[in-house]
Amino acid sequence: MASESIAIGRLDAPARQIGEILHDWVTTVDHKKLGLLYIMYAILFLVIGGIEATIMRIQLIVPHNNFVSPQVFNEMFTMHGTTMIFFVAMPIVFGFGNYFVPLMIGARDMAFPRLNAFSFWISAFGGLLLYFSFVGGNGLYGAGNAPDVGWFAYAPLTAKAFSLGHSTDFWTLGLLVSGIGSIGTATNLIATVLCLRCPGMTLGKMPLFAWMNLVMAGLVLLAVSPLTAAQVMLSLDRYLGAHFFDTQAGGSAVLWMHFFWIFGHPEVYVLVIPAFAFVSEIIPVFSRKPIFGYPIMVGATVSIGFLSFLVWAHHMFTVGMNSYANSFFAISTMLVGVPTGIKIFNWIATMWGGKIRFGTPMLFCIAFLLQFLIAGLTGIMLSVAPFDWQLGNSYFVVAHFHYVIVGGILFGLFGAFYYWFPKMSGRMYNDALSKWHFWLFLIGFHLTFDFMHIPGLLGMPRRIYTYEPGRGWDVWNLIVTIGVFFQGAGILIFVGNLLWSSLKGKFAGNDPWDAWTLEWSTASPPPEYNFATLPTVNSRRPLWDIKHPEDPD
Amino acid sequence: MSSTSLPSPSAEMQWVLPSRGRVGMFCLIAAETAIFTIFVIAYIFYLGKSVSGPTPKDVLELPIFASICLLSSSLTIHMAVKSLRNAKVGAFGLWWLLTLVLGGIFLGETGREWYHLIYDKGLTISTNLFGTTYYSLVGLHAFHVTVGLLMISVAMLLTVFGKVKPEHHERADVFSLYWHFVDSIWIVVFTVVYIIGR
Amino acid sequence: MLASLLLSASVGVGAQTNTPLPHMFDPRSTPADGIYRISRFVLSITGIIFVVVVFLLAYATVKFRQRAGDEDEPPQVYGSNQVELAWTVLPVLVVLILFLATARVIHSIQRTAKPAGAIEVVAIGHQFWWEFRYPALGVVTANELHVPVSDPSHPTPTFITLLSADTDHSFWVPQLAGKTDLIPNHPNSTWIDPHEVGLYLGQCAQYCGTQHAKMLLRVDVEPREAFDRWVQDEKKPAQVTDAVSAGRRVFETTACVNCHTITGTVADGRFGPDLTHLMSRATIASGAATNTHANLRSWIKNPDDLKPGSLMPAMQLSDKDIDALTAYLETLR
Amino acid sequence: MSSMDAQPVVEKSGLDTVKLPAPTAWPIAMAFGVTLLSAGLVTSETVSILGGILAVAGAVGWFLDVLPHEKHVSVPVEEEAGVVAVSRRKVERLPVAPELARALLPLETYPISAGVKGGLAGAVAMAVLACLYGIVNQGSIWYPINLLAATIYGQSMALTPATLTGFHLDSFLLACLLHLITSLLVGLMYGAMLPMFPRRPILLGGVIAPVMWSGLIHNILGFINPLLDQKIDWLWFVASQFAFGIVAGLVVVKQARVRTRQVLPFAMRAGFETSGGAGGTRSKENP
C-alpha cells in the first residue's frame, strides 16, 4: 500500500526488514502515521462498501432481477450503510484531523498520543468484528449471516423474536467497540486544539480547519455517546432479557428511533463539517485570497453544530408525531439552511475577485459547492414535513443523502487527498490521472444520484430488493446502475494514482501550492517532530506573512 | 533575496494554554453526561408504563445513608488533592483512604439494595420495564463508581508504597474531576429514581 | 444535473405513458392534493435559489480564473459585514415563508375532524401482508382495501387506524395521502377521501424484514353502491360445496388452520390473511402475484418461489392434495 | 511557485534532538483485548476471558509507560526542514480603497440599529395603511389583521366572511408577531443593502424593491395564504408595501453612516493579542 513508501519516504533511510516496518506501524504513537493508518483503513473499507453498493445496483438494474436473494440484498444495504458511515467516513475524517490538526496549529503531536493509537486500533478492530459476522453470525429467520436490519436498525426488528442468532449482536458490538475509539479521538482532537496551539495562535487566528475539527469533535462527543447508550440498552435487551425496545412487554419502538436519530443527525454534520474544513482551506489557496468572512464562518459552523441537535426527529415525520412536533422539527431543520447558505455564499465570495487556479483539488471543491447546494435544496424539500410524507423512505431520500455524503463529503475528501498528497507523501500526484478521476467520477456521480431522485418522486421505496415493472421506475434504475460503473472506474484510477505516485511521483517540495498554513512550512513528508523549532504566528496566515514581509496580514 | 524560517517564540511573550489533562477529562465527562442523559430519558419515559408489577412504590426505599457517604466523599477527595498540592503526602493518604472507604460503603449499600430487590422482592432486569430501567440506570452509575474505586485503589497502593509525590497533584486533581462527576450524577439519579419515580 | 429539470422530465415521462403512473404528482385525494400543492411551491422556491446560486458560482468560476502570465496576487479582502448580514437575513426570510406554508399544511392535514359519514378501517401490518378490518361493517379482508369514492358535496372520507402485529411498516398510497408508519404499541391514524373511482397502488415503505419488497398494497375506490355490494358479499360466511370436500379436508387437517381464517369452518388462525373470500381478491401474497390458478397452486406448493422469505411455510403436500386444496380455495368467493 | 526568487537559507534551530513520545504496543494490545472481550459475546466465553486478560495486561503496560514518567525517544533534527521562501509577489489593491492593504467592504455603512429602526418605522407605516384599508373598505380595523394571521393559523383560515371583521385575540397576536418579524428582517436587509446602492436609495428601497416583492407575493400568495389570496385588494396591498419601503428607506438613510472597522496594520496590532483565548489556566504541558 501507499503506506510503505511513505514510511520509508526519506530517501537516505537504509532498507529495512518488512517485520521491522510492520512493528513500527503497529507500535507507533505518531499522529501522522496514525492519520495515514486511519486513511488507508478507510480506503480499504471504501472499496468493500463500494462493492456492496455495486451488488445492490446490479440487482436493481431491471425489475424482478434474481442476481441476489432478498436476504443477501438486505445484508448488503445494512452493511453498506454501516460500513460507509462508521468505517469509511468517520475514520477518514479522523485521519485527516489527526494528520493535519497538529501540523496546522504548530504542535509536535496530539495531546494524548497513546490514546490516539488506542482509538485507532479499537475502531479498526470494531470494523473487523462487524465483518466477522459474514462467517460467524446468523440473522433474521431463514436469512444469511451478516446483520440485515438496516443501518438504523429500527426496533423491534432487532428484538430476539425477529432477529434470532447473533447477526444483530455483531452490528451492536462492532459499533459499540468502534464508538469507544471515536470518543477517544474526539477527546484527543479537542484537547489538542485547545492545549497545544503554538505561541501566538489565539482561537481567532486558528486555521478554519482546526476550528471545524474542534466543532466536529464536540459533536462526536455529544452524538456518538447517545448511540453508545442505545446500543448498551439493545444489548441488555438481547442478552439479559431487558425490555427497552421489546414491544411485547410495553417497550417502545419509537424511543429507539429518537435515540438513534439523536445520534444520526449530528453524525451527518460530524462528517460534513470536516469536508467544510477541507474546502475552507483549499478554495482560498487556489483563489489566492483569504477566506471571506472568517468570523462568520466560525459562527456558522458552531451554529450548525448547535442546530444539529435540534432536528433529529425530521427523520421521523412519518411515525405519527403530533402537528406541533412536526412543525417544530420542520422549522428547526429549515433553519440549518441559513448557516449552510452563509457558508456557500462565503466560499463563492472567496472565489469572487480572486485569481482562481484550476488544480485538481480546486475542481473537486467547485463540484462540491454545486453538489452541496443541490443536497441542501433537496434537504429543504425534505424538511417540509408534508412533502416528506411523500418523499421519506423513498429513493428520493437515498438520492438526497448520497448527494450530501458522496457529492459533498466524498468530493471534499478527494479535494483534500489531492491537496495534501504532496505533503503526506513528499511526491506530486499524476495530474492527468487525477483529471480522469475527476471527470469519470463526476459523470458517474451525476448519472447515479441525479437520476435516483426520480424513482423516489415516482413512489419507489428504499430497501426493496426488487420492484414491479410498469411503475415508471425501470429506465431510471438502469441509468443509476450504469453510473455506478463510471464511479467505480474513477475510484480505481484514484487508488492507482495514489499507489503509483507515492512510489514514482515527482518530488513535490515543501510548499507546492504557495499556501499559507503552517503544515507547508515543514518538510514533505514532515519529520517525526513536525517542526524543529515550534513556530510563532501573528496572523491567520503565518506563511503569507513570511512570503510578503512588506505586506503581512 | 532572502528566505527565512518561521519566527521563534520570543521570551517575553506570555503564552498560556489550558491543561490537557483537565480538558481531556471534561471531554470524557461531556460524553458520559450524554450517555447518562439517554438513560435518564429512558427511565422517565417508561415511568408507570410497566405492564406488570412490582412498581417503584412497592419496593424502593430511600438510600439516605449511602447517598450521604457518596456525597461526602466528594469533600474528602477535594481535601486529598489539596493536601497533595501543599506537599502533605501523609494527609493525602488519609483523605484518599477515607474517599475509598466512603465510596466502598456506597457500592456495598447498592449491592445490598439489589440483593434485597432480587431475592426478597423478585424484581430483576427482565421482570418489567421498571426493572429494566432501574437496574440499567442505577447499574450504569454503580459501574462508574466501581471504575472510580478501582482507580482510587491503585493510587492508594502507590501511596502505600511511597510512589506518590507532590508533583503528581495535577493527576490527582484530574481524577477528582471524574469523582465529582460521579457524585453529581448520583444526585440526578437519586432525584429521578427515588423522588420523581417513586 | 438539475434537480428541478429532472422533476419536470420525470413528470413528463409519467404523462406520456398510456396508463397514468401512481405517483404523488397526480393526486386524487385531499391530503395528497395539499401535499402536491405545497411541494410545487417548495420546488419553485428551491428552483429559484438553485438558479441564482449556480449563476453566481459559474460567474465566479469563469470570470475570476487566473489569466496566463498574471502572477500578481489579487487584492486581499477579508469580508464584508454588510453582504454577510444580507445573505443571513435573506435565507431567514425564505425560511419564514416556507415555514408558514408548511405549518399550515401540516395542521390542515393532521387536524381534520372525522365527519359523520366517514368509513372507519383498522389496518394492521403483518410480515409481509396487510390486514384490513372494518369494525363498524363487520368485514375482514387482506391486502386490497375497498373504499367508497368521496363526493365533495357529501364527503365520505375513510379514516384508517394503523396498527402493527410485529415490526414497523408504513402505509403509503402516493395518490391518496402521504405515508404513515404502523408501529407496534403505537397506534397511528391517517385519512383519505378519494375523489375518483379507480385502483390506487402503494406499498409498505418501512423496512420490515426479509420480504419487505413484496408487501404491496392496493386500494380499490368504488362507487358507493359497488362498495355497499362488496360489503354485503364480504359479510357472508364461506360458501360450502360438496364437490371440493377433499380439498377442504386437506385444509382443515393441516397446519393451514393455525394461521388462516375461513368463516364457517374450524379455521380461525390470525397469523395469515383471512381466506373466506379469497377469490374476491385480484392478487395473492400481498400483491406479489395475480390470483390465477397457476399462481395459487404454485404459492401453496412452495411460497418461496413467489416470495422468498415469506412466513408461509411449504406444507410438503402431495400433488394430489395440492390440486384438491387449490380447487377448494377457488370456491371461496 | 514560479515567481519565488528565494534561495533557501538554513537557519540553525539550535536543537540537536527533539523528545517525542516513545512507540508502544500496549494501546493496540488493550484495543485488541477490549474487542475480544466483546467478541466473546457472539462467540464463546473463552474468547472473552482471553480478551479480558489482554485488556488488563494492556492497561497495566500502558500505565507503566506513563507513570511515574512518560517514556520518550529522542529524534535527531534534520536541518533542511522548515524553510519558507519569500515570494515577494506583488499584491494588488482594491480600486475603491487603494490605501488599505486589507479591506472590509463597504467602507462606510449604517449601524445595525438603523435597519432595526427602519424596519419598525416601516412596519408602523404599513400597518396604518392596511388598517385604513380595513376601515374604509370593510368597515373594520380587524379585517386585514385576521387575513394576515391566516398565513399560519388554521383557525383564522376557517373564519367566515361574517367573523372576519371581528376581533380575535389569537389572530391579532399572531398577526402582530408575523408583521413584526418580517418587518424587522426586511429592515435589516435595508440597512445592509442600501449603502451599496448609494445613488438613489429611496428609489430602490421605496419603489423598486416593493414592486419586486409584491410581484413575488402575487405569484406565491396562493400557497402561503389562500384566504388572503381570495380577499386581497391588490391596489391597497401594493400601496402599503410602498409605504413600508419608503418609510423604512427614509429612516435608514437618515441615520449617520459609520466607517467600517478596518483591519489595522500588523504593527499596531502586535501589542494587543498575546495569550490563548481558551480560559487561560496555567499549563506546564505546552511542549
Checklist entry - Any chance segment C:210-229 includes a residue that's assigned to a loop (DSSP other than H, G, I, E, B), assigned by TED's automatic domain parsing to the domain that holds C:ILE106 and hydroxyl-bearing (Ser, Thr, Tyr)? => result yes
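A quick yes/no check of all residues on (1) outside the structural domain of C:ALA314 (by TED's automatic domain parsing); (2) aromatic (Phe, Trp, Tyr); (3) at pLDDT 90 or above:
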| site | (1), (2), (3) |
| --- | --- |
| C:PRO237 | yes, no, no |
| C:GLY247 | no, no, yes |
| C:GLU252 | no, no, yes |
| C:ASN258 | no, no, yes |
| C:ILE262 | no, no, yes |
| C:THR265 | no, no, no |
| C:PRO273 | no, no, yes |
| C:HIS277 | no, no, yes |
| C:SER280 | no, no, yes |
Checklist entry - Considering only strands (runs of 3 or more DSSP E) fully contained in segment C:52-155, which possess at least 1 residues that are surrounded by 20 or more Cβ atoms within 10 Å (Cβ to Cβ) and away from chain A (no Cβ under 14 Å)? => result C:119-126, C:129-134, C:139-142, C:144-148
Item to check | Leading residue by the ranking (farthest from the chain's Cα centre (by Cα)) among those in segment C:160-172 that are surrounded by 24 or more Cβ atoms within 10 Å (Cβ to Cβ) and facing another protein chain (nearest Cβ under 9 Å) | outcome: C:THR167
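One line per residue, one yes/no per condition, for (1) over 28 Å from A:HIS314 (Cα atoms); (2) of a type in the set (Gly, Ala, Ser); (3) crowded, with 24+ Cβ neighbours inside 10 Å:
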position	(1), (2), (3)
A:ILE180	no, no, no
A:VAL193	yes, no, yes
A:LYS205	yes, no, no
A:LEU208	yes, no, no
A:ASP246	no, no, yes
A:PHE263	no, no, yes
A:VAL268	no, no, no
Next on the checklist: Looking at A:TRP476 and the list (1) of a type in the set (Phe, Trp, Tyr); (2) within 12 Å of chain C (Cβ to nearest Cβ); (3) farther than 30 Å from C:SER286 by Cα, which single condition is not satisfied?
Outcome noted: (3)
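Table: residues versus (1) more than 7 Å from every other protein chain (Cβ to nearest Cβ); (2) within 24 Å of the chain's Cα centre (by Cα).
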position	(1), (2)
A:ALA159	yes, no
A:THR185	yes, yes
A:LEU189	yes, yes
A:VAL232	yes, no
A:ALA242	no, no
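Residues checked against (1) buried (at least 22 other Cβ atoms within 10 Å of the Cβ); (2) touching a strand residue (DSSP E or B) at 6+ places or on another chain (Cβ under 8 Å); (3) over 30 Å from A:PRO535 (Cβ atoms):
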position	(1), (2), (3)
A:TYR99	yes, no, no
A:PRO102	yes, no, no
A:LEU115	no, no, no
A:LYS160	no, no, yes
A:THR168	yes, no, yes
Checklist entry - Within segment C:254-318, which helices (runs of 4 or more DSSP H) (wholly inside it) include 3 or more residues that are under 22 Å from C:ALA213 (Cα atoms)? => result C:293-301, C:303-306
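Return yes when A:PHE531 is within 14 Å of chain B (Cβ to nearest Cβ), surrounded by 19 or more Cβ atoms within 10 Å (Cβ to Cβ) and either touching a residue at least 24 places away in the same chain (Cβ under 8 Å) or out of contact with any Gly (no Cβ under 6 Å at 6 or more places or on another chain) (or both) and no when it is not.
yes
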Next on the checklist: From the list A:VAL298, A:VAL268, exactly one residue is touching a residue at least 12 places away in the same chain (Cβ under 8 Å), within 14 Å of chain C (Cβ to nearest Cβ) and within 22 Å of the chain's Cα centre (by Cα). Which is it?
Outcome noted: A:VAL298
Item to check | Flag if A:ALA253 is among the small types (Gly, Ala, Ser) and within 8 Å of chain B (Cβ to nearest Cβ) | outcome: no
Item to check | Within segment A:380-409, tally of residues that are without any contact (Cβ under 8 Å) to a residue 24 or more places away in the chain and of a type in the set (A, V, I, L, M) | outcome: 1
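Let's see how each residue does on (1) acidic (Asp, Glu); (2) facing another protein chain (nearest Cβ under 7 Å); (3) assigned to a helix (DSSP H, G or I); (4) closer than 20 Å to A:GLY241 by Cα:
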site	(1), (2), (3), (4)
A:SER163	no, no, no, yes
A:TRP171	no, no, yes, yes
A:VAL193	no, no, yes, no
A:TRP211	no, no, yes, no
Next on the checklist: What pairs come out if I take residues in segment D:23-48 that are at the interface with chain A (Cβ under 8 Å from one of its Cβ atoms) and polar (S, T, N, Q) and pair them with residues that are buried (at least 21 other Cβ atoms within 10 Å of the Cβ) and outside any loop (DSSP other than H, G, I, E, B) whose C-beta lies under 6 Å away, six or more apart or interchain?
Outcome noted: D:THR35/A:PHE125; D:THR35/A:LEU129; D:THR35/A:VAL177; D:SER38/A:LEU173; D:SER38/A:VAL177
Next on the checklist: Going residue by residue through segment D:188-199, is there one that turns out to be within 16 Å of D:THR109 (Cβ to Cβ) and aromatic (Phe, Trp, Tyr)?
Outcome noted: yes
Checklist outcome for this item: When every residue in segment A:473-512 that is polar (S, T, N, Q) and part of a helix (DSSP H, G or I) is compared, the one nearest to A:PRO527 (Cα to Cα) is A:SER502
Checklist entry - Scanning segment C:223-260 for residues that are more than 25 Å from C:PRO148 (Cα to Cα) and within 25 Å of the chain's Cα centre (by Cα), which turns out surrounded by the fewest Cβ atoms within 10 Å (Cβ to Cβ)? => result C:CYS259
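The values are calculated or read from the model by the stated rules, or taken from the named source; none is laboratory data. This one's a predicted model, so the numbers in the text were calculated from it and none came from an experiment. Cβ atoms come from the backbone with ideal geometry, glycine included; neighbour counts cover every protein chain shown.
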